[in-house]
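Visitor: To start, I am sharing the structure in question, which I have written as structure tokens.
Quick note: the coordinates plus some simple rules give every number you see, no bench work behind them. Note that the structure is a prediction, hence the values are computed from the model and not measured. Using ideal geometry, Cβ is built from the backbone for each residue, glycine included, and neighbour counts are taken over all protein chains shown.
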Amino acid sequence: MNVSEHDLPGVGKKFACTTGEGDRLTVIVHNTGAREVYLFERGEDFPAAAVRLADDEARKVGAILGGAYFQPTAGSGMDMVLNRLSVEWHRVPAGSPLEGRSLLESAIRERTGASVLAIFRGGEALANPQPEERIVAGDTLMVVGDREQAARFRDLLRQASPTEG
């Protein structure tokens with residue numbers, strides 16, 4: 001997908017996206033937080049559909065599109081936001097150094113630069129988990145960061161758990 005970004009002085013930003021099929025999607029993010037989304041079908045100059053969303057509505061739709069509510073089994077990660085941001089899902093294996101620790105204790109952000117956006121456990125999604133939330137083997141963590149931060153998180157997740165003595 002080709003994405004271009006344009007400043008709209010006094011209004012906000014405009015993001016123009018062209019899909020692989022040639023459709024165009026234009027998103028205007030207003031300084032107020034409101035969003036306008038326009039769909040232009042291939043070769044058309046006028047939008048086939050348009051919707052205006054309040055900030056909280058846009059964030060919920062973004063979470064749905066980003067996989068916070070449902071993650072298709074076909075992919076374990078995706079690159080987005082103009083190829084600068086990586087959102088990935090990782091299952092916590094038994095014996096991981098993160099197992100049994102809270103998000104605060106594990107210091108994921110401090111150690112890797114990546115952030116945990118959600119924890120998926122037992123068919124439930126815990127969006128924006130609190131620092132005291134404990135990580136359990138079998139959890140799937142939704143992690144966001146740049147490519148290097150995501151790689152550091154993967155390394156941390158898979159390190160051998162230190163032997164306790």
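Visitor: Among the trypsin sites (Lys or Arg not before Pro) in segment 1-72, which ones are in a DSSP loop with at most 11 other Cβ atoms within 10 Å of the Cβ? Mind listing them?
Guide: Counting only loop positions with at most 11 other Cβ atoms within 10 Å, the trypsin sites (Lys or Arg not before Pro) in segment 1-72 are Arg42.
Visitor: Taking all pairs of distinct Cα atoms, average 1/r, flip it, and tell me the Kirkwood hydrodynamic radius of segment 77-158 in Å to one decimal place.
Guide: Computed over Cα pairs of segment 77-158, the Kirkwood hydrodynamic radius comes out at 12.5 Å.
Visitor: Additional query: Can you give the charge dipole size of segment 77-158 about its Cα centre, rounded to the nearest 20 debye, using +1 on the beta carbon of Lys and Arg and -1 on the beta carbon of Asp and Glu?
Guide: The dipole of segment 77-158 has a size of about 160 debye.
Visitor: Modelling each spin label as a point 7 Å along the Cα-to-Cβ direction, I'd like the Ile64/Val11 distance in nm, to one decimal.
Guide: Between Ile64 and Val11, the simple spin-label model gives 2.5 nm.
Visitor: A further question on this structure: Once the piece of chain linking Ala54 and Asn128 is laid out straight, how much longer is it, given 0.36 nm per residue of separation minus the C-alpha distance between them? Write out the running numbers ahead of the final one.
Guide: Values: separation 74, 0.36 × 74 = 26.64 nm, distance 1.98 nm.
Length gained, Ala54 through Asn128: 24.7 nm.
Visitor: Mind checking segment 100-144 for trypsin sites (Lys or Arg not before Pro) that DSSP puts in a loop (not H, G, I, E or B) and that have at most 16 other Cβ atoms within 10 Å?
Guide: Qualifying residues, ordered by number: Arg101.
Visitor: In whole Å, what are the extents of segment 2-65 along the principal axes defined by its C-alpha atoms, from largest to smallest?
Guide: In descending order, the Cα extents are 31, 29, 19 Å.
Visitor: Still on this structure, I have one more. How charged is the neighbourhood of Gly22? Take every other residue with its Cβ under 13 Å from the Cβ of Gly22, and add Lys/Arg as +1 and Asp/Glu as -1.
Guide: Values: positive: Arg24, Arg42; negative: Glu21, Asp23, Glu41, Glu44.
So the environment of Gly22 carries a net charge of -2.
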